[in-house]
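Everything below concerns the one structure shown next.
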């Protein structure tokens, strides 16, 4: 019964969505780097290096490499991912450290490794290694019942790579690791953590938007109401209530300190632009303003393939990488953006479905990590192009131009599919 | 574990919530909010206005009078000016440093990033002198433009000039299509026919990238329009006659207007003193304009249109025509030249009929003619009677195109004045004036005012025996002919038979023995001239000399009015000048024995005034 073929056991739905996304992505990378001055016909007369001058051709090559990667990933024994999870993680940490030491700064960030003509961003690959290690650790514990010490180890595993990444000045890629919380939540992490984080985020945003005195007044009124309406709190939990109140006030006043002293000037500006996009439309607000104009001018059905004026005339910066969604929005309109959002939702929902059918905690946790990481990118990338999130330089999975990003997401996704494919084999065996 | 499995829905819920937020937000900015579309167009679309070629102006013979030549404006973009070597720049352009500083400041106030003109109207040789050096001065560039150039030194008043649109004009809705730096007709025909001459501007939409580099036409030029050249104007002006008229009027103030009575086409339009139309175009035109403006002889004043004089004795003809129409006199009515009511100009034979009275310009005769018109006994009260009579009289007079705009195709036309009963009521009080108060009107003096153009038109009416075409300069716009209103005959309220009764008197004035206008006679070359002299008393000094007439008397081809300010008796200067003009037009040359007139007439008005009359 060893004859069960991969073609039966691999999750065809995910593969199909993946291929669609990569194909649509390639189309948009072509549009984003299209120039009317360079006719398509020139492709036929170009030699290899000439071809490699086209972004879309490079992306095509990266896709080809991805297909090879997929084959390799599916051939490898699924137990290897479990077994070598820590080894891969350790290797990754070393690679990040090495990068930190030897990398030349590119655009202010020391996160790129140069291997001959190639440039790799190890941070991209930290995602799946960390996901593997965290899943492996999760399989050995019961998050709800385990001692505080185990939980600290898990937190350590999760936080070490992002700290190294922050050290290399690539904050955006570090934030992604916050997505792991969703996976841990599924495995039993207290919802209180999510709630507290959400509340803290709310307080932070409010502190930036609303005058301090109002906030202090509002929180004082809330505290008073809680104490009056619920005398039990007054009697038994007064220290806790007072503590929360103090922390909240501390945050309100700490925000200024954090904003002015901790954040770097370019990060301050990104937050400023998010809060008030029209403050400086030609300066810091340029990216967001032009990106919104590009997407907004697409209308219902878009301007048509290769007809986007914002895209073609270089008004949107980084349009084939981080701002690829602008090209979609401008040339394909609301129908196009809905299609992309639909594809992401389909993929993420499918990944959750696949994760839930895993018998092992390892497989399931890993599946949730995959969904959460992709979701985080989707959320922040699209959010920033339409002015709902600060400009954080992270790519849109499977769409953005770039080898590192495409490969890391391919590996991330197909390790899950490999584990999933063997799940059936296990059963058969 | 059952409990934890439920958490799946929480996670999926978070995913879905974000997707819904994105969908709604995207629907808002992409479908509902149209402002992003406009913003995208503003980003990429560049509007390039193509100025049309201004229409060319031709004379009566189809020769070009006004055409377009390329000139160059030196433009400056203040932001791009770097380390300007002021001394060298000023030396190169031969401009004072202060002028450069003022110009740069004005440009900066207009815009730091847009180009504004620093020096305008550089000619091609002037450009050649500076062009090679311009590369050393970043921020300066040269913009070619079409400017007017003139192939004639005459008719400055009729042609008008073209100048930059002024800020005050731009505030008016009429000039909504213009932007600062545009040129338009400021006066004369250039202004009156601005719409036709200007043509239609072309607009091209180009797409530019983020660096402002052109990336081709917008939607393959779907919205582009080509500029349409302005229409050419064909004037009725006879350039030879015009030149001759300006020559004869040298040194004097006044005007000569000659019209073809059969069409209303203006053949000559002289306003003296005149100037070269080229003075108001090209570099330094501003200074030259100020010079003309300050001249006490007022060369910029368009006398044929805007100077209003009393018509003097010429107006007696109108009074006679009205009296005949009212049947209060006949051509054979005689009135004594009795000097009691009004003095006559000179002693002459008994005015036994209209012709004799006209020939001698007998003041008492025409006093009585107008008395008969206005005092017909419409009312027993002499006050009431004269008021009613004057009202009727005025109705007739205005049908001669007086006290109204003739609607010539030139801006700035004055109406003149024909007093009404209300006018005198206001001045003297109701029933406080009689014929004795207003009798000056009978000899064309007093409150009455006509323009030289109206006077010439009056001569057209007598030439045509009772009708006129509104005088005009442009006989054809492109090849469409004149404006339609110039094809319309205007009849007076006087029958043409009465004009036939008057014309012999006008002929007698010029051709009769001892006529006041005998110096205008062309009988020696076989042309019979009809006319009437006038000597206009005025408050400004010596009388103005006038003459109105037409020739040939039986088949008139030219009607003319001449006003020479402060030149005394109309017969001694205005009449011979009119005679020369008519001969020049009808024969193309002047008989040799009149060359002494040609030599004598140009010059100061003083020489026509006898020492006795100089005050």
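The values are calculated or read from the model by the stated rules, or taken from the named source; none is laboratory data. The model shown is predicted, which means the values in this text are computed figures rather than measured ones. Neighbour counts run over all protein chains shown; Cβ positions are idealised from the backbone, glycine included.
Assorted remarks:
- Considering the stretch B:36-62, and only residues there that are part of a loop (DSSP other than H, G, I, E, B) and either out of contact with any helix residue (DSSP H, G or I) (no Cβ under 8 Å at 6 or more places or on another chain) or at pLDDT below 90 (or both), the residue that is nearest to the other protein chains (Cβ to nearest Cβ) turns out to be B:51.
- Tally of residues being modelled with pLDDT under 70, within 12 Å of chain B (Cβ to nearest Cβ) and outside any loop (DSSP other than H, G, I, E, B) across the stretch A:278-301: 1
Residues are listed down the side, and each one gets a yes or a no for (1) closer than 18 Å to residue A:86 by Cβ; (2) within 17 Å of the chain's Cα centre (by Cα); (3) at pLDDT below 85:
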position: A:129; (1), (2), (3): yes, yes, no
position: A:133; (1), (2), (3): yes, no, no
position: A:143; (1), (2), (3): no, no, yes
position: A:166; (1), (2), (3): no, yes, no
position: A:172; (1), (2), (3): no, yes, yes
position: A:177; (1), (2), (3): yes, yes, no
position: A:182; (1), (2), (3): no, yes, no
position: A:185; (1), (2), (3): no, no, no
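- Residue A:88 falls short on exactly one of the conditions (1) in contact (Cβ under 8 Å) with a residue 12 or more places away in the chain; (2) within 20 Å of the chain's Cα centre (by Cα), and that condition is (2).
- Taking the listed residues B:113, B:21, B:10, the one that is touching a helix residue (DSSP H, G or I) at 6+ places or on another chain (Cβ under 8 Å), within 14 Å of another protein chain (Cβ to nearest Cβ), outside any strand (DSSP E or B) and modelled with pLDDT of 85 or more is B:10, with no other qualifying.
- Residue ranges of strands (runs of 3 or more DSSP E) in the stretch B:432-528 with at least 3 members over 17 Å from residue B:316 (Cβ atoms) and touching a helix residue (DSSP H, G or I) at 6+ places or on another chain (Cβ under 7 Å): B:467-469
- Set side by side, the residues B:212, B:216 differ, and just one is at pLDDT below 85, assigned to a strand (DSSP E or B) and on the phi > 0 side of the Ramachandran plot, which is B:216.
- Options A:330, A:356; residue that is surrounded by 23 or more Cβ atoms within 10 Å (Cβ to Cβ) and within 11 Å of another protein chain (Cβ to nearest Cβ): A:330
Results for (1) part of a helix (DSSP H, G or I); (2) more than 14 Å from the chain's Cα centre (by Cα); (3) modelled with pLDDT under 90, shown as yes or no for each residue.
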site	(1), (2), (3)
A:325	yes, yes, no
A:339	yes, yes, no
A:367	yes, yes, no
A:412	yes, no, no
A:424	yes, yes, yes
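- For the residues A:310, A:319, the requirement of being in contact with a helix residue (DSSP H, G or I) (Cβ under 8 Å, 6 or more places away or on another chain), within 9 Å of another protein chain (Cβ to nearest Cβ) and crowded, with 24+ Cβ neighbours inside 10 Å singles out A:310.
- Considering only residues in the stretch B:195-207 that are crowded, with 17+ Cβ neighbours inside 10 Å and either touching a strand residue (DSSP E or B) at 6+ places or on another chain (Cβ under 6 Å) or without any contact (Cβ under 8 Å) to a residue 24 or more places away in the chain (or both), the one that is nearest to the other protein chains (Cβ to nearest Cβ) turns out to be B:207.
- Test: residue A:82 is exposed (fewer than 12 other Cβ atoms within 10 Å of the Cβ) and assigned by TED's automatic domain parsing to the domain that holds residue A:11: no
- Answer residue from the stretch B:216-260, given it is over 28 Å from residue B:472 (Cα atoms) and touching a residue at least 24 places away in the same chain (Cβ under 8 Å) and is surrounded by the most Cβ atoms within 10 Å (Cβ to Cβ) among those: B:218
- Only one of A:138, A:189 that is within 14 Å of another protein chain (Cβ to nearest Cβ), in contact with a helix residue (DSSP H, G or I) (Cβ under 8 Å, 6 or more places away or on another chain), closer than 21 Å to residue A:411 by Cα and modelled with pLDDT under 90: A:138
- Counting the residues of the stretch B:577-603 that are surrounded by fewer than 16 Cβ atoms within 10 Å (Cβ to Cβ) and either over 17 Å from residue B:272 (Cβ atoms) or without any contact (Cβ under 8 Å) to a residue 60 or more places away in the chain (or both) gives 10.
- Residue selected from the stretch A:341-353 under the condition free of Cβ contacts under 8 Å to residues at least 24 places away in the same chain and either part of a loop (DSSP other than H, G, I, E, B) or farther than 16 Å from residue A:186 by Cβ (or both), by the criterion farthest from the other protein chains (Cβ to nearest Cβ): A:342
- Residue B:31 vs. criteria more than 30 Å from residue B:154 (Cα to Cα), surrounded by fewer than 17 Cβ atoms within 10 Å (Cβ to Cβ), at pLDDT below 95 and facing chain A (nearest Cβ under 7 Å): yes
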